[in-house]
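Worksheet: the structure to be examined is printed underneath.
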Amino acid sequence: MSKKYINYLLFKKNAIRDEIYNYDKIKKELDNEIKNIEKQLFQQCKHNFYRCGNYDDICKLKCKICHCYSNENLYK
Ligand SMILES: [Zn+2]
């Protein structure tokens with residue numbers, strides 16, 4: 001393998017790492033956006049909770065309208 005080709009592969013690897021970093025950053029921003037929307041939904045909705053969960057679910061009650069769980073700590 002030539003030195004030039006090794007440098008090419010290293011450059012390509014770093015470029016892909018940079019791209020992954022950017023996607024991670026975008027994913028975090030979008031996750032935060034979803035979290036803010038869920039927070040608004042939880043605050044604004046006149047909930048209609050139903051029993052939905054299995055034994056190990058984080059919360060057993062979920063709103064039929066906004067799909068939020070009945071645990072307000074999830075939306076702070
Ligand atoms: Zn609701």
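The values are calculated or read from the model by the stated rules, or taken from the named source; none is laboratory data. Treat the numbers as computed from the prediction; the structure is a model and nothing was measured. Here Cβ is always computed from backbone atoms with ideal geometry, including for glycine, and neighbour counts include all displayed protein chains.
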Residues of the stretch 25-59 being part of a loop (DSSP other than H, G, I, E, B) and either in contact with a strand residue (DSSP E or B) (Cβ under 6 Å, 6 or more places away or on another chain) or not basic (Lys, Arg) (or both), which ones?
CYS45, HIS47, ASN48, CYS52, GLY53, ASN54, TYR55, ASP56, ASP57, ILE58, CYS59
For the structure I just gave you, tell me whether LYS28 is surrounded by 11 or more Cβ atoms within 10 Å (Cβ to Cβ) and out of contact with any Cys (no Cβ under 7 Å at 6 or more places or on another chain).
no
Taking the residues in the stretch 48-72 that are within 13 Å of the ligand (Cβ to nearest atom) and of a type in the set (Lys, Arg) as candidates, determine which candidate is modelled with the highest pLDDT.
LYS64
